[in-house]
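Remarks on the structure that follows.
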């Protein structure tokens, strides 16, 4: 029987009058892959922060490391004990290179000594080679895609002498191909005795990678199970307290074409992309990282000027010089990275929802009409059922699902006719996903045209009557989801990639 690396008994944590953890018991064994699942706001992040020494648990909580009581886990104590965390926001240095980020910890405990650049590059290269990932070592992290930044964050944790790696939503921006690579790395490290605590909302991945699974709800532990004891349906019911079934629930699109692309190209990003979008249609776009899906979306939003081809809105050719032009044409874009691109994370809910239409709620003197802004904010909180949201609460204090609703409401406030959603359910739980899907369907029923970009096959299959498959910058297939089973749809997507 493996020894316990970590044991937590009757752990509690209060934030003011809110109890984030309630008599929580938890244990990690040496060399296991332990998955932690729960809805946004259930206490997962609080638990991770206690283990890593970022925050303290309440008096009376008991924590043991390697069987010995620990009275005060500080961040330094956790780091010295080999506990490394890859947070969902990655916490990278965007102005530093890939090598500098990966090997950053080499100099943190050495005082003021010259940096040995050759050593930095050697450590970074060996770590990436182990991961079977090819990234330019001298490239600034700010220029990388979301998925590549995720890989850099993982590499930085692996470059240290870690005994326990906690991965918070590590696959949220990775394609299935990259997930397979990550899982292979995790299994290799696990075979060498490394303990991995894996947090994700993707239940199929949880069941695939876990040895044991702990289910949380509302700050309490529902139970810890071997993965053989659970399947998607059981996990979903435990997490949400209700049975959430995936189903195709399509509405018929109108005859009017609201958006048309003809031979749109942009260097190596994408080439000869053509399609039509009808009023009230939910059009899916699916493809691996690098397929050009996001680059096309950015061109439609005026942030990535195409080299050739045409974009037509309501039959009229348009040329967007900026996103302001796209917004005026009735196009809104919800980006894949809500934390850095979708939200002003330190500002409150009211600021975030109103920022996209600030000119509409200003007086002739340029002063914001506070009453109008408050009515706008409260209206969208109610319409999208943004739980626990008050206008004055910082966006950083909201759960991932509610943050995503804030981003969506910000763009819905512009009254768009065409809404582009790029990976809209990244890093949010099954119940929050279901709520977002309901919002998308309702918008389509009311006549809004939607482009849904995702690499999750069920997300596209169950929400989009029609889907475009992109590969190496081209649309290689158009799929009719009504006419295909989910298995056939998955097979068609796999063959096309």
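Among the numbered conditions (1) touching a residue at least 60 places away in the same chain (Cβ under 8 Å); (2) surrounded by 16 or more Cβ atoms within 10 Å (Cβ to Cβ); (3) under 22 Å from the mean Cα position of the chain (by Cα), tell me where residue 218 comes up short.
All conditions pass for residue 218, except number (2).
I need the full set of residues from the range 138-170 which are without any contact (Cβ under 8 Å) to a residue 60 or more places away in the chain, crowded, with 17+ Cβ neighbours inside 10 Å and in contact with a strand residue (DSSP E or B) (Cβ under 9 Å, 6 or more places away or on another chain), in order please.
141, 158
Every residue in the range 15-33 that is part of a strand (DSSP E or B) and modelled with pLDDT under 90, please.
Within the range 15-33, 15, 18, 19, 20 qualify.
Please go through the range 189-201 and give me each residue that is more than 21 Å from the chain's Cα centre (by Cα) and either surrounded by 17 or more Cβ atoms within 10 Å (Cβ to Cβ) or in contact (Cβ under 8 Å) with a residue 24 or more places away in the chain (or both), ordered by number.
Kept after step one, since they are more than 21 Å from the chain's Cα centre (by Cα), are these residues of the range 189-201: 189-195.
Result: 189, 190, 193, 194, 195.
Of all residues in the range 438-466, count the ones that are in contact (Cβ under 8 Å) with a residue 24 or more places away in the chain and more than 22 Å from residue 313 (Cβ to Cβ).
Total meeting the criteria: 12.
Examine the range 238-258 for a residue that is touching a helix residue (DSSP H, G or I) at 6+ places or on another chain (Cβ under 7 Å), free of Cβ contacts under 8 Å to residues at least 40 places away in the same chain, more than 26 Å from residue 19 (Cα to Cα) and part of a loop (DSSP other than H, G, I, E, B), and state whether such a residue exists.
Within the range 238-258, one or more residues are touching a helix residue (DSSP H, G or I) at 6+ places or on another chain (Cβ under 7 Å), free of Cβ contacts under 8 Å to residues at least 40 places away in the same chain, more than 26 Å from residue 19 (Cα to Cα) and part of a loop (DSSP other than H, G, I, E, B).
Yes or no: residue 264 part of a strand (DSSP E or B) and surrounded by 14 or more Cβ atoms within 10 Å (Cβ to Cβ)?
Yes, satisfied.
Considering only residues that are in a helix (DSSP H, G or I), closer than 28 Å to residue 193 by Cα and without any contact (Cβ under 8 Å) to a residue 24 or more places away in the chain, which ones fall in the range 110-124? Can you show your working first?
Filtering the range 110-124 down to residues in a helix (DSSP H, G or I) leaves 117-124.
When the remaining residues are screened for being closer than 28 Å to residue 193 by Cα, the result is 119-124.
Result: 119, 120, 121, 122.
Evaluate the following for residue 416: is it modelled with pLDDT under 90 and not in a helix (DSSP H, G or I)?
Details: modelled with pLDDT under 90: no; not in a helix (DSSP H, G or I): yes.
Criteria not met by residue 416.
Within the bounds of the range 223-232, is there any residue that is surrounded by 17 or more Cβ atoms within 10 Å (Cβ to Cβ) and on the phi > 0 side of the Ramachandran plot?
The answer is no, given that none of the residues of the range 223-232 is surrounded by 17 or more Cβ atoms within 10 Å (Cβ to Cβ) and on the phi > 0 side of the Ramachandran plot.
Would you tally the residues in the range 374-391 being in a helix (DSSP H, G or I) and surrounded by fewer than 20 Cβ atoms within 10 Å (Cβ to Cβ)?
Of the range 374-391, the ones in a helix (DSSP H, G or I) are 374-383.
Imposing the further condition that a residue be surrounded by fewer than 20 Cβ atoms within 10 Å (Cβ to Cβ) reduces the set to 374-375, 378-379, 382-383.
Going through the range 374-391 one residue at a time, the tally reaches 6.
Give the range 402-414 a look and list any residue that's more than 14 Å from residue 383 (Cα to Cα) and either free of Cβ contacts under 8 Å to residues at least 40 places away in the same chain or surrounded by fewer than 24 Cβ atoms within 10 Å (Cβ to Cβ) (or both), or say none.
414
Here is a check on your reading of the model: is residue 251 out of contact with any strand residue (DSSP E or B) (no Cβ under 8 Å at 6 or more places or on another chain), within 28 Å of residue 335 (Cβ to Cβ) and outside the structural domain of residue 148 (by TED's automatic domain parsing)? Outline the logic, then answer.
On the way: out of contact with any strand residue (DSSP E or B) (no Cβ under 8 Å at 6 or more places or on another chain): yes; within 28 Å of residue 335 (Cβ to Cβ): yes; outside the structural domain of residue 148 (by TED's automatic domain parsing): yes.
The answer is yes for residue 251.
The values are calculated or read from the model by the stated rules, or taken from the named source; none is laboratory data. Being a predicted model, the structure only gives us computed values, none of them experimental. Positions of Cβ are generated from backbone atoms using ideal geometry, with glycine treated the same way; all protein chains shown enter the neighbour counts.
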